Amino acid sequence: MIYLDNSATTKPYNEALDAFRTASEKFFANPSSLHRKGGEAERLLRQARSSIAELLHVKINEVIFTSGGTESNNLAIKGTAFQYLNQGKHLITSCIEHASTLEAFRQLELLGFSVTYLSVDQDGKISLDELKKALTPDTILVSIMHVNNELGSIQPIKEIGHLIKQKSRALFHIDDVQGIGKVPLDFNHVQADLVSYSAHKFHGLKGNGLLIKREKITLLPLLSGGGQEREIRSGTENGPGIVAMAKALRLYLNRAKTQKRMLETLRTHVFAELSIIEGIELNSSMSGAPHIVNFSVPGIKPEVLIHALEEKEIYVSTRSACSSKTAEISHVLAAIGLTTIRAKSAIRISLSFETTKEQIDIFLNELQTEVPKLKQVMR
């Protein structure tokens, strides 16, 4: 099997699965319980939090456990909006954010907040000048995705953070779900207040995520209950999943240190080979993230090509998995100015540190075989 849909989800590490099983069997008690078994589960949770804080170079009390990237984004965005609405009701984001971000902002608009959606250029990058003009005394939050999940475009996060802090009092939220490990982001150097992560993007388990929150920041909780996670995210913690997430994150970041260059080499190879296949048009930029390549094959429905490759045990995707079953064209590809025909025929491949050159060459050979065949059939 050649799996090239890692931006949708990654395969869990065996070590993470083992950690989940062990924690589920031996530390199954509720960490809020007062008895000894509850204390053991609480200590394990504390160890996982400490490990994650160390790996991400943040303070232990800045790590908030969530159910994934969607909840982290919603908590950051809505929690900020509701907490600071007396200071202003203007919010800023980009037009190519993940659905969990865009839908959160659309809901806030219905509740009377004003939202500015920044445009992007043909490479999917926002304009710092446009951001500067959008900032007002009423702006309380700017939320920007670090690495776009469809194109791989990288936003100038450091410059964005500097501009926000220089020109406003707004909080800065970064959706770093796609960037972690593959595109460096030092939480302490980009002047971020909130950063979202999702375990299943770095070989942990689905249903677990993180929100890194500066300790000085206050958020209005979206979930009311027992006051877990420093009263920011109530609900019994998914201890085994959190332990597995901590294990996966350590393994993943260790591999990133030695294999990131390999990933960049693979992506360069993919770009070079795709550019010479007749009928293929590249949508991603070479300045983008090392693991995401988006291209179009006008004249071929993407689902047809996906299923043709699937017959060869090669798995690719069309767009964000959260939106892949909708008939509408990708809002990301529309935003960078692609024609409807080109946007509707887009394919995304996304690599991992486990992807090999041999796998990529098999994919490229099969693609070169299938595209002419399918074009002939669909004439």
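The values are calculated or read from the model by the stated rules, or taken from the named source; none is laboratory data. Predicted model, so just to flag it, every value in this text is computed and none were measured. Reconstructed Cβ throughout: ideal geometry from the backbone, glycine too, with neighbour counts over all protein chains shown. Side chains are part of the model used for accessible areas, which takes the heavy atoms of the whole protein and leaves out ligands, DNA and RNA. Shrake-Rupley method; radii C 1.70, N 1.55, O 1.52, S 1.80 Å.
Run residue 164 past the list (1) in a helix (DSSP H, G or I); (2) open to solvent by less than 10 Å² (accessible area, probe 1.4 Å); (3) more than 17 Å from residue 88 (Cβ to Cβ) and report the number of the one that doesn't hold.
Condition (3) is where residue 164 drops out.
Identify, please: which residue in region 103-134 is acidic (Asp, Glu) and within 20 Å of residue 155 (Cα to Cα) and is, among those, most open to solvent (accessible area, probe 1.4 Å)?
129
Since residue 143 meets every condition but one in (1) open to solvent by 10 Å² or more (accessible area, probe 1.4 Å); (2) over 24 Å from residue 318 (Cα atoms); (3) among the polar types (S, T, N, Q), which condition does it not meet?
Going through the list (1) open to solvent by 10 Å² or more (accessible area, probe 1.4 Å); (2) over 24 Å from residue 318 (Cα atoms); (3) among the polar types (S, T, N, Q), residue 143 breaks only (1).
Does region 250-265 contain at least one residue that is under 30 Å from residue 372 (Cβ atoms) and hydroxyl-bearing (Ser, Thr, Tyr)?
yes
What strands (runs of 3 or more DSSP E) lie completely within region 82-158 and have 1 or more residues being of a type in the set (A, V, I, L, M, F, W, C) and in contact (Cβ under 8 Å) with a residue 40 or more places away in the chain?
90-94, 139-145
Select, from 61, 30, the only residue that is surrounded by fewer than 21 Cβ atoms within 10 Å (Cβ to Cβ) and part of a helix (DSSP H, G or I).
Being surrounded by fewer than 21 Cβ atoms within 10 Å (Cβ to Cβ) and part of a helix (DSSP H, G or I) holds for just one of 61, 30, which is 61.
When you go through (1) of a type outside the set (Val, Ile, Thr); (2) over 17 Å from the mean Cα position of the chain (by Cα); (3) in a helix (DSSP H, G or I) one by one for residue 200, which number turns out not to apply?
(2)
Quick one: which helices (runs of 4 or more DSSP H) sit completely within region 218-319 and have at least 1 residues that are hydroxyl-bearing (Ser, Thr, Tyr) and without any contact (Cβ under 8 Å) to a residue 40 or more places away in the chain?
Helices (runs of 4 or more DSSP H) meeting the threshold: 239-274.
Which one is modelled with the lowest pLDDT, of the residues in region 306-362 that are of a type in the set (Val, Ile, Thr) and farther than 22 Å from residue 288 by Cα?
326
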